[in-house]
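Please read the structure below before turning to the comments.
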Amino acid sequence: MQKFFYDLFVSGKLIPYSICSQWPPQLAWVHIISASLIALAYYLIALTIVYFLRKRGDFPYRGILLLLSTLSVACGTIHILEVSTLWHPSYWLSGICLAIAAIILACTAVQLILLLPKALAFPSLAVETRKLESEIIHRQPAEAELRKSTEQYRTLVKNFPNGAVLLFDLDLRCTRAGGKGLTEVGLSKEQLEGKTIWETFPPETCAALEPNYRAALAGEATILELAYADCIYQIHTLPVKNEQGEIYAGIVIAQDITTRKRMEETLQESGQIFRATFNQATVGMAHMSLDGKWMLANPKLCEILGYTAAEILQLKFQNITHPDDIDIILEGIRQILAGKACNYLIETRYIRKDDSHAWVNLNLSLIRTATGEPKYFVVIIEDISSRKQAFAGMQKAKDDLENRVVQRTKELKHANEKLEYQLFERDRADKKLQDQAELLDLAHDAIVTLDLKNIITFWNRGAEEMYGWTKAEALGKEINTLLRTQFPKPQAKINEFLLQHGYWQGELIDSKKDGSSIAIASRWTVKRDLRGRPIEVLKINTDITERKKVQEALIASSIRLAAILDIASDAIISINQTQQITLFNQGAERIFGYNALEVLNQPLSLLLPERCASAHYQHIAEYSKSSGLARKMGERGKIFGRRKNGTEFPAEASISQLELEDEKIFTVILRDITEQVQTEEALRAANEKLTSWVNELEQRNSEIVLLAEMSDILQACLTIEEAHSAIARLVQPLFPDVSGAVFVISSSQTLVEAVATWGDETLDTHKLFTPNECWALRRGHSHFVSSDRGSLPCKHIHPDSSSSDFLCVPMMAQGEALGVLYLCSQHQGLFTEAKQQLAVTVAEHIALALANLKLHEALKQQSIRDSLTGLFNRRYLEESLEREIHRAARQNQSVGVIMLDVDHFKRFNDTFGHEAGDSVLRELGMFINKHVRGSDIACRYGGEEFTLILPEASLEITSQRAEQIREGVKHLNLLHRRQSLGCITLSLGVAVFPDHGTTGGAVIEAADAALYRAKQEGRDRVNVSR
């Protein structure tokens, strides 16, 4: 084979009859080399076309390219054969190849002629490039709108932490989902996103939701209440529009309103309870309009005044009030309406229908609307006529005695009378509380206390009798396991309600020791420690099994006895017309020493001394004969009672009569006043104690007012610095005689710095320290140090401090420590538990206010900043430019505007990718921020285009600044992933107000036109507007 090729190209073997035999060898080799190179070029063209067609299978003109490649192979072969025929003529082979090449060339020419119109119609690469650039520019606002919509959606989800937010397209397909409310109903983003409502929710839910979805896509906002997954949700559907106002999607905001619905049901039930209490109350109750007209009156008020309800509603309060008392009451009403008092309490005289006078204790309260406007008065009226008569006699005797000792001034007499009255009422209230405490000790209800794991820690005698387990058997047991309690709803929800509201009540089914079941009315209360943390649960269980069974039979009796049992601390005794006892309550058992079985159906004389029995019978007879309108209901007088042991005691009693068809029932309400007479000297001590409590209550009320004022002012602050400057003046009145400071943790979380101080300048603490130097920040709750307790002081407190007590309270918000409230005092005992709790509350309010301000400033910066470059966005540019132009116009100054654009920015995106392009924009934003004044405003106008606003800058200064920026940007070292991106250049346009426009938009357009001319003139230059 090697020999064949060698012989083929040996010049010594040229054929003798060939014309080439006459050529010199150099000329022959020129032909050989030229033909070989031409053949090689043809073969390479063919290979290139074939390679291109293999890589671009979608190319539309494959046929003609294949013909061209075949033509190239044929032409190359012809030139190879021409080299061969220099030695060995093979004209027939060359002729065949020439014929093939001619045929292919003719076909190619025909195809090229046919392809010419299509090729001319095929768009040029430059045109397509410009179209692509234009499309990118047009897409940028849409992308910005998409980013804006995304940020708005995230903000919306963040602002509804307990709800669910869904975004759906025109096909009702969910595109975005978020919010904690999803997990509460067992759904996730993956189950919702990309699916329609029919693929996610049950058919009945879809049928309810679809009309609201369609309405939102039609531009209508709707609200729907929907029950789903044992909860009630309020569904808001809203349309979402683009900048052109076209609806392209809808948004759904679902919020759990189960608790609110239940509260509404509770309020409705409370209204029913109020109506029952209103009608059965033992004191007069009424609603009065602002002009004094009665709007509503209960039966007791009708009974006191002798009018019917219809007659009272036709009167005003002036018609039934003694003329001497009207002005005083009107003054009290004016004080309430002016907001100087919450209620008004006074003793006054009412005129009954029979023109007799009734002394009453009048209590006025004002009901306001939700906006604070006065609506009507609630009036509580207690008949104290008998008490007044008794008190007047006692007061007269007392006045006679005091007049014999010393002559008092009229003012001192009045003060003493008022004091005695208050002491009398206080003793009466103490006696009532003592009686109620004794009743609680004898309660038949089961009283149980539990720890937070439902382990029984207390089991009273009522619980032993109710369930059958002794105290020793029950203590330490898990109550639900012991009693096998059946709850009306899941216990987890009951526990959640209990911890949130502090109480729960409802009906349960428990099991007794013998296995039988009983119905229980249970009331739960959470007990908390000083820091507000729950420590145990108190349960009071009442066996209502029998009540359930006989409830229907007891309705009539309950209505008749409701008013009597309201004052169960006194003895309540009912007798029939034959003077036989028909009702004897526990208060009567305690006072007389009899139990109910011993006295029922016995004559009333059993409870009276013999010397008083006849007079009492005569009084009952006279009272029974009185007419309905003239009955002296509620008239009081002193009598004597006789106990079971034969001893007598003074009592205060009232009698009332109830007519039931042909039967009359007399009810006597009796109170033992023996101790009242014996403890008269203790009234002054009780009054002093009451005064102390009142002073303490006033102090707490003052603290609440100051705390509310502090919270309002901090919430109204616009910046954190403004809040810091106000904290010292707001906190100091809450802690008089105490020095203190508010420390805030730096953003790096490494330093704690004082931002507000008051009192002693030294404060006995460092004003700059680390978080680890404060025990309160390390422990997460308040830390109190007292010199007499040997407590561990914080490291930031001076060792040689002169203060005795220190208190550090961490300021926590959303689980994050923001700083510490520091208080110190040179006097021991100022930091009581109440003051420490107040400090915790103040710290919570300050922390919440500072957290809200930080969030507000962060959101404000996000709304006006471009997230990529850190510069201001276009919206802030437009607002700032108009503001600066108005200010410049007032002060007769100029405002410079520079528009700049990155030259050939598309090259970075095409060559290095969009991430590299973003790196270029980010570095350029940092460069601009470093090279502008503090008063200048640098903004990203859009894409790679930026705008600078230079207040008080002339055209010359603005042009110089533009040149400085143009030259400085060339020295930027642009890197992306450790790869150099080369240098960039800028084209800049300069315009100045008012030379190039009198409005912000006109100046921007002038600068933009100058920028466009800079681009046309070759880029990398500054062009001033003409």
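The values are calculated or read from the model by the stated rules, or taken from the named source; none is laboratory data. No experiment lies behind these values; they were computed from the predicted model shown. Note that each Cβ is placed from the backbone with ideal geometry, even for glycine, and that neighbours are counted across all protein chains shown.
Structure notes:
- For segment 731-741, the criterion of being in a loop (DSSP other than H, G, I, E, B) and of a type in the set (Ser, Thr, Tyr) is satisfied by no residue at all.
Conditions tested, residue by residue: (1) touching a residue at least 60 places away in the same chain (Cβ under 8 Å); (2) touching a helix residue (DSSP H, G or I) at 6+ places or on another chain (Cβ under 6 Å); (3) buried (at least 19 other Cβ atoms within 10 Å of the Cβ); (4) closer than 17 Å to Leu850 by Cα.
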site: Gly740; (1), (2), (3), (4): yes, no, yes, no
site: Ser747; (1), (2), (3), (4): no, no, no, yes
site: Thr750; (1), (2), (3), (4): no, no, no, no
site: Glu753; (1), (2), (3), (4): no, no, no, yes
site: Leu763; (1), (2), (3), (4): yes, no, yes, no
site: His766; (1), (2), (3), (4): no, no, no, no
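- Just one of the listed residues (Leu792, Leu807) is assigned to a loop (DSSP other than H, G, I, E, B), in contact (Cβ under 8 Å) with a residue 12 or more places away in the chain and farther than 19 Å from Lys854 by Cβ, namely Leu792.
- Among residues of segment 770-781, those that are in a loop (DSSP other than H, G, I, E, B) and crowded, with 20+ Cβ neighbours inside 10 Å, counted: 1
- Looking across segment 939-952 at every residue that is modelled with pLDDT of 90 or more and within 40 Å of the chain's Cα centre (by Cα), the one that is nearest to Arg865 (Cα to Cα) is identified as Cys939.
- A count restricted to segment 885-916 and to residues that are part of a helix (DSSP H, G or I) and either under 18 Å from Asp1008 (Cβ atoms) or of a type in the set (Phe, Trp, Tyr) (or both) stands at 4.
- Test: residue in segment 525-543 that is closer than 23 Å to Ala596 by Cβ, surrounded by fewer than 12 Cβ atoms within 10 Å (Cβ to Cβ) and at pLDDT below 85: no
- In segment 489-530, the residues that are farther than 30 Å from Ala834 by Cα, assigned to a loop (DSSP other than H, G, I, E, B) and under 30 Å from the mean Cα position of the chain (by Cα): Lys489, Pro490
- Qualifying residue in segment 300-309 (condition: at pLDDT below 85, buried (at least 16 other Cβ atoms within 10 Å of the Cβ) and among the aromatic types (Phe, Trp, Tyr)): no
- Restricting Val668, Val752 to residues that are at pLDDT 80 or above and over 40 Å from the mean Cα position of the chain (by Cα) narrows the list to Val668.
- Test: residue in segment 217-224 that is surrounded by 14 or more Cβ atoms within 10 Å (Cβ to Cβ), in contact with a helix residue (DSSP H, G or I) (Cβ under 8 Å, 6 or more places away or on another chain) and either of a type in the set (S, T, N, Q) or not in a loop (DSSP other than H, G, I, E, B) (or both): yes
One line per residue, one yes/no per condition, for (1) at pLDDT 85 or above; (2) exposed (fewer than 14 other Cβ atoms within 10 Å of the Cβ):
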position: Gln422; (1), (2): no, no
position: Arg426; (1), (2): no, no
position: Lys431; (1), (2): no, no
position: Gln436; (1), (2): no, yes
position: Asp445; (1), (2): no, no
position: Gly468; (1), (2): yes, no
position: Arg484; (1), (2): yes, yes
position: Lys489; (1), (2): yes, yes
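- Selection count where residues are closer than 19 Å to Leu187 by Cβ and not in a strand (DSSP E or B), scope segment 225-261: 4
- Exactly one residue out of Gln280, Gln255 is within 30 Å of Cys174 (Cβ to Cβ) and touching a residue at least 40 places away in the same chain (Cβ under 8 Å), and it is Gln255.
- Residues satisfying the stated conditions in segment 962-989, i.e. of a type in the set (D, E, K, R) and in a helix (DSSP H, G or I): Glu963, Arg966, Glu967
- Inter-residue pairs, beta-carbon under 7 Å, first over 23 Å from Asp383 (Cα atoms) and at pLDDT 80 or above and in segment 328-350, second surrounded by fewer than 17 Cβ atoms within 10 Å (Cβ to Cβ) and of a type in the set (A, V, I, L, M, F, W, C), 6+ apart: Gln335/Ala341
- Filter result (in a loop (DSSP other than H, G, I, E, B) and under 18 Å from Arg961 (Cα atoms)) within segment 1008-1025: Arg1019, Asp1020, Arg1021, Ser1025
- Hey, Thr282 of a type in the set (Val, Ile, Thr) and at pLDDT below 80 or not: yes
- Inclusion of His996 among residues that are out of contact with any strand residue (DSSP E or B) (no Cβ under 8 Å at 6 or more places or on another chain), within 24 Å of Arg890 (Cα to Cα) and in contact (Cβ under 8 Å) with a residue 24 or more places away in the chain is warranted.
- Residue satisfying all of: in segment 754-769; assigned to a strand (DSSP E or B) and not β-branched (Val, Ile, Thr); nearest to Gln732 (Cα to Cα) among these: Trp758
- All positions within segment 331-350 that are touching a Pro at 6+ places or on another chain (Cβ under 9 Å) and either closer than 25 Å to Lys300 by Cβ or not hydrophobic (A, V, I, L, M, F, W, C) (or both): Ile336
- In segment 990-1007, residue nearest to Glu878 (Cα to Cα) [restricted to those that are β-branched (Val, Ile, Thr) and part of a strand (DSSP E or B)]: Val992
- Hey, Leu366 surrounded by 15 or more Cβ atoms within 10 Å (Cβ to Cβ), in contact with a Pro (Cβ under 9 Å, 6 or more places away or on another chain), closer than 27 Å to Glu303 by Cα and free of Cβ contacts under 8 Å to residues at least 60 places away in the same chain or not: yes
- All of Leu629, Leu600, Leu607, Leu583 fail the test of being modelled with pLDDT of 70 or more, over 28 Å from Gln676 (Cα atoms) and of a type outside the set (S, T, N, Q), apart from Leu600.
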